[in-house]
1. Okay, helix-only estimate at 222 nm for the chain: each DSSP H run of n ≥ 4 adds -39500 (n - 2.57), divide by all residues, round to 500 deg cm²/dmol; what do you get?
2. Pairing the Cα long axis of helix 245-269 with the longest principal axis of the chain, what angle in degrees results, from 0 to 90 and rounded to the nearest 10?
3. Treating the beta-carbon of each Lys and Arg as +1 and of each Asp and Glu as -1, no other charges, what is the dipole magnitude of the chain about its Cα centre, to the nearest 20 debye?
4. Relative to the longest principal axis of the C-alpha atoms of the chain, give the angle of the C-alpha long axis of helix 112-124, reported between 0 and 90° and rounded to the nearest 10°.
5. Tally up the carbon and sulfur contribution to the accessible surface of the chain as a whole percent, 1.4 Å probe, everything protein left in place.
6. Mind checking the angle between helix 77-92 and the chain's longest principal axis? C-alpha axes, 0 to 90 degrees, to the nearest 10.
7. Quick one: net charge of Pro389's neighbours, Cβ under 12 Å, K/R +1, D/E -1?
8. Give the residue from Ser175, Asn415, His367 lying farthest towards the positive end of the charge dipole for the chain; charges sit on Cβ (+1 for Lys and Arg, -1 for Asp and Glu) and the dipole is referred to the Cα centre.
Amino acid sequence: MTDLPTILEINDCAVRLTQAEQVLASPGFALFEDNWVATGDEAQTRYRLRPLNGNNNFWQQLNLDPLGNASGLIQHSGDLVYHHLSQLLADAGENGSDVRPLLIAYPGFYSDEQLSLLLGICQSLNRPVAGLVNSALLFAANQPPGNYLVIDQYLHHTLISQVAISAQQVSIEASQLLSNTGWVSLSDALARAISDEFIRHTRFNPRHDAEHEQTLYNQLPQWLEQVSAGDCSVQVADKSVTLGFNVLADAGRNVLQPIMDGVAEMQQRSAAQVLLCPSAAALPYWYQDLAKAQLEPQHLATQAQRFAARLIDTSEQEGVLLTEELALKDAASPQAEAAAASSATPPSAKASRTITAQPTHILTGAHAHAIAGENWLAAEEPALCATEPSACFGKLSRTAQGKVIFTPTASCLLNDQTITEPTELQAQDVLANDQVRYQLIQVIANG
């Protein structure tokens with residue numbers, strides 16, 4: 001492996017893309033109407049101005065369920081993930097031969113259904129996926145043998161992963177997902193506390209006006225940093241108050257106390273050390289009573305590059321390698337890993353598996369449509385039709401055994417190869433001509 005993959009780290013506090021020395025981070029916020037979509041910082045800094053047009057839980061709830069505020073471009077969370085990831089990749093400026101495969105570090109609470117949909121979205125963006133790995137494995141990978149509690153904070157909740165490290169491997173023993181303990185709940189509580197200070201001292205409530213409220217939320221990270229060094233003056237509109245950390249301490253503690261309780265409960269079962277992921281390490285004031293190690297923002301990407309060779313399936317087997325248990329060897333450098341990859345023993349069934357199967361849905365642009373009975377594919381505009389359109393290049397049929405058969409009626413390509421006969425399709429296959437492109441994916445039902 002001469003080139004390291006691009007690392008995609010999925011945490012909606014800051015979805016991070018790392019390629020070589022380039023690092024991009026974008027929060028999981030979106031604003032949208034019928035004809036436009038804004039994501040990342042652009043959406044977060046205007047989110048309070050257009051609350052009915054916003055969404056900030058689409059990475060957490062990645063699925064194809066209809067949104068209550070759906071628009072022309074956005075029908076479900078999968079559409080928002082598509083647009084956010086598309087913008088992040090565009091900001092990275094990759095194109096043509098510069099495009100590298102993605103190694104995705106995913107949250108431990110993601111289901112197979114969500115991972116399958118994520119693969120389809122990446123492929124619809126023409127981005128190959130080299131491997132999938134549970135984030136908690138990489139956060140803990142460089143620690144000495146022992147038991148650890150990895151605390152990873154997201155926009156809406158916190159995941160505590162109990163990780164065991166031996167001389168041979170890193171494995172996840174248990175996990176606990178705590179709702180309403182993420183950055184959104186924390187920032188709401190801190191915003192209310194700061195507003196109360198404004199009301200108490202100036203009778204001005206910044207939360208009564210959308211622009212003033214947005215200013216409060218935009219300034220909150222900066223104020224948190226300043227107040228950690230002592231009292232500071234904060235201003236909204238033409239009003240200002242002096243803010244001390246004591247004003248914020250109780251408000252934040254009320255939100256984050258379930259995390260402390262969860263850590264205490266899990267430590268009773270194992271004498272585990274605490275690792276604060278970057279999203280949690282940014283809030284050291286509320287974790288100061290824990291014996292802990294605080295991980296740097298680039299920690300995960302560094303470990304992903306270190307172990308890249310064993311996180312990527314180089315065999316001829318179809319599908320994407322999903323790593324749920326990490327084997328440890330001498331992985332001092334990516335170069336050493338690459339040199340050893342050809343002689344490495346295959347990972348155990350528990351340690352890894354592949355995500356691939358018969359297709360259940362077909363992507364047209366950013367939209368996924370269930371394949372049922374017979375459907376026709378339009379040849380000029382991407383569309384799945386119940387009856388044969390005037391411009392058509394083939395028919396999809398699902399058999400009683402669940403197989404999907406494609407019968408071409410005009411010139412088209414299957415995975416860049418000309419196809420002329422009825423052919424069984426697999427998840428991740430691509431049908432295309434000069435004008436349209438269709439991606440086959442599998443969506444797995446929970447349970």
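1. Counting only the DSSP helices, I get -8500 deg cm²/dmol.
2. So the inclination is approximately 60 degrees.
3. Roughly 780 debye, rounded to the nearest 20.
4. The angle comes out near 70 degrees.
5. 45
6. The angle comes out near 80 degrees.
7. -2
8. Projecting each Cα onto the dipole axis, the largest value belongs to Ser175.
The values are calculated or read from the model by the stated rules, or taken from the named source; none is laboratory data. All values reported here derive from a predicted model rather than from experimental measurement. Neighbour counts run over all protein chains shown; Cβ positions are idealised from the backbone, glycine included. The area values use the complete protein model at the heavy-atom level, side chains included, leaving out ligands, DNA and RNA. Shrake-Rupley method; radii C 1.70, N 1.55, O 1.52, S 1.80 Å.
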